[in-house]
Amino acid sequence: MNQKPLTPIMLFYLFCSLAGLVIPWYYNIQHIRYGDTPFTVAAWLRAGMATPLTRSITTDFLIGTTPVLIWMVREGYRLKMKHIWLYVLLTFLIAFAFTCPLFLFFRERKLRTNAGLPTSE
C-alpha cells in the first residue's frame, strides 16, 4: 500500500493523541504507585467529587465527553470507519484526551481518502 504524507492537521491530531496518552497516564501511574487507595472507577468518582473544583472538572469531563462519544460513533458509522467501538472502550481504559484526537486523525484520513484527495497539503 502506498503511504502518503500526513497533513499538518493530521500531525497535530497525532501529537495531541500522544500527549493525551502520556500525560494522563503519568498521573494515573503516580496514583497507582503512591496513592493510598486502589485505582477504581468508584475511587476516581469519589476523588473527582471531593471538592468544588474537582466536581467542576469531573462533571465538565462527563458532560463534555458524552455527546462527543455519541458523535464519534455516529460519524464513524456514517463514514464507514472500522472498529468504532474501540474508541469508546479506549476512552475509559486509557483517556478521552487520547481517543478523541486519535479519532479525529483517522476521520481526517478517511475523509481525504473518500474524497480522493492526497494526504499532503
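The values are calculated or read from the model by the stated rules, or taken from the named source; none is laboratory data. Not measured: the values here are computed from a predicted model. Ideal geometry is used to build each Cβ from the backbone, glycine not excepted, and the neighbour counts take in all protein chains shown.
Scanning the stretch 1-30 for residues that are surrounded by fewer than 15 Cβ atoms within 10 Å (Cβ to Cβ), of a type in the set (S, T, N, Q) and at pLDDT 95 or above gives no hits.
Out of everything in the stretch 31-55 that is surrounded by fewer than 10 Cβ atoms within 10 Å (Cβ to Cβ) and within 20 Å of the chain's Cα centre (by Cα), what residue ends up being nearest to Leu111 (Cα to Cα)?
Among them, the one singled out is Val41.
With buried (at least 17 other Cβ atoms within 10 Å of the Cβ) and either on the phi > 0 side of the Ramachandran plot or not acidic (Asp, Glu) (or both) as the only criterion, which of Leu111, Leu104 stands out? Give the derivation first.
Working: Leu111 fails: buried (at least 17 other Cβ atoms within 10 Å of the Cβ).
On inspection, the qualifying residue turns out to be Leu104.
Among residues of the stretch 52-69 that are farther than 17 Å from Phe98 by Cβ, those with a Cβ under 7 angstrom from a residue that is among the hydrophobic types (A, V, I, L, M, F, W, C) and assigned to a helix (DSSP H, G or I), sequence gap 6+ or separate chain, pair up as Thr54/Ala47.
From the list Glu75, Glu108, which residue is without any contact (Cβ under 8 Å) to a residue 60 or more places away in the chain and of a type in the set (Asp, Glu)?
Matching residue, one of Glu75, Glu108: Glu75.
Tell me yes or no: at least one residue of the stretch 83-98 is in a loop (DSSP other than H, G, I, E, B) and surrounded by 11 or more Cβ atoms within 10 Å (Cβ to Cβ). Within the stretch 83-98, one or more residues are in a loop (DSSP other than H, G, I, E, B) and surrounded by 11 or more Cβ atoms within 10 Å (Cβ to Cβ).
Across the stretch 96-119, the number of residues qualifying as at pLDDT below 95 and more than 15 Å from Leu6 (Cα to Cα) comes to 2.
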